[in-house]
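Before any comments, here is the structure.
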Amino acid sequence: MSRTKTSVKTIGETISLCLQNNLTFAAYRLPNQTRPKLMVQKNLETEEIEALSNINELRGFLIAPFLHSEDNRMFIISPDYFLDGETQKKQFDEISRIKHGGSEEVENLLPYEVSMEEYLGQIENITRLIKNNEVQKVVLSRAKIVNYDLSEKIQEIFSKLCDRFSNAFIYVFKARDQIWMGATPEPFAFFENNIFHTSSVAGTKEDKKKYQLLENWGSKEKQEQQYVSDYIDSVLNENHWENIEHNGPYVKKAGNLLHLRTDFTSVAGAMNGNLGYLIYNLHPTPAICGFPKDKALEIIQSIEKHNREYYSGFLGPVGMENPVSLFVNLRCMKIVGSQIVLYSGGGLTIDSHPVDEWYETEIKAGTLLSVIYDSK
Ligand SMILES: C=C(O[C@H]1C=CC=C(C(=O)O)[C@@H]1O)C(=O)O
């Protein structure tokens, strides 16, 4: 009897082993599933991905930044080991024999942390541009730095996130000397039973009974989400994506928050265009950038003083059990030594109130913080 007990290890135990041995890995749990999965790569270096046109040939855990740059590349973690729900002793022993030294030159600089006062000023500058009709929506974001040493608790927090947020995509990855973790409510591109899905998720309220009903949401949130839906609709059409169906907007719970969400589905037939081009054209949607896209991006780049890196990029398994299961990297953090950097943002429109927007980013950062502080 004891043989079966010791012959398997949990994904949590395997994550600990990977961290201890400085291995490149990604663990994740898909929304509404119970089994966490883990991909472990034997080598330290990950493959850079230049373009997504051949996404159908990729296999592994894909990680794309908000914007490509010299420092923020799109890359993939190879599934040399793919562990589904548990790890057999034999695989565990094999993994324990792979060890890498830590890089000493890593410059894990912390990002710029904006004060509340400065953030309110940034919002005022952006709403002025919106009032002048230069742009309609801009998603402004910030990084919040908390002194907290998570290094010994990463697998514990991963497992708590899985328990607490059953309908989110939960992940943790270590690659390129970085550790990121998140519990995102925003599907970006995935397949289920050969049906392609994407979603428009925007507009935020605290999870109060009143807001569980769509009719109690104001025009600010409805408009904010409509920009995203219209954009997704136009990109799907421009890319000749056929038989598109919409469901929404409806109210969807995301941890301590509620969002408005519309789901788009399309039967993945031969008539549909190239999946890689579609993904390339969809990103970044107005849920994380704004509308019109180019102007919003220009404003974000001139106002935000931190580099978003992988926050508001997209990530998830590709070429594994499904062609792609990609999610927008929200409600996420980067673990930097004994500090954590939490990233959050919010959509600004003509009806935004600066102080409310600041608190919205605080509450969004609180999604992960509530779990971290619970584990103290
Ligand atoms: C940009 C974020 O959320 C997006 C997704 C849902 C609701 C949002 C909002 O209400 O502003 C944002 O568009 C974030 O969590 O950092």
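Taken together, the values in this text are just the output of simple stated rules run on the coordinates, not laboratory data. Predicted model only: the values in this text are computed from it and were never measured. Positions of Cβ are generated from backbone atoms using ideal geometry, with glycine treated the same way; all protein chains shown enter the neighbour counts.
Using the Cβ of GLU360 as centre and a radius below 10 Å, the other residues enclosed give a net charge of -2, where K and R count +1 and D and E count -1. Using only Cα coordinates, the Kirkwood hydrodynamic radius of the stretch 185-276 works out to 13.9 Å.
Sorting the Cα pairs of the stretch 95-189 by distance into bins of 10 Å, from 0 upward, gives 11, 26, 31, 23, 7, 2, 0 percent per bin.
Against the longest alpha carbon principal axis of the chain, how many degrees, from 0 to 90 and to the nearest 10, is the axis of helix 293-303 turned? Roughly 80 degrees, rounded to the nearest 10.
I need the trypsin sites (Lys or Arg not before Pro) found in the stretch 30-118, filtered to DSSP loop residues with at most 11 other beta carbons within 10 Å of theirs.
Counting only loop positions with at most 11 other Cβ atoms within 10 Å, the trypsin sites (Lys or Arg not before Pro) in the stretch 30-118 are ARG97, LYS99.
Shape of the chain from the C-alpha gyration tensor: prolate (a/c of 1.5 or more and a/b above b/c, with a ≥ b ≥ c the square roots of its eigenvalues).
Sum up the charges of everything whose Cβ sits under 14 Å from the Cβ of ASP93, counting Lys and Arg as +1 and Asp and Glu as -1, but leave ASP93 out. Surrounding charge for ASP93 is +3.
So what's the angle, to the nearest 10 degrees on a 0 to 90 scale, between helix 154-164 and the longest Cα principal axis of the chain? Roughly 50 degrees, rounded to the nearest 10. Counting neighbouring Cβ atoms within 10 Å and putting the fewest first, the residues LEU129, LEU62 line up as LEU129, LEU62. Applying the criteria of a DSSP loop state and at most 13 other Cβ atoms within 10 Å to the GluC sites (Glu not before Pro) of the stretch 34-66 yields GLU45, GLU50.
Taking other Cβ atoms within 10 Å as a rough exposure proxy, ILE49, ILE126, ILE244 sort from fewest to most as ILE244, ILE49, ILE126.
Classification of the stretch 15-111 by its C-alpha gyration tensor yields an oblate form. The axis ratio a/c (a ≥ b ≥ c) is 1.5 or more, and b/c is at least a/b.
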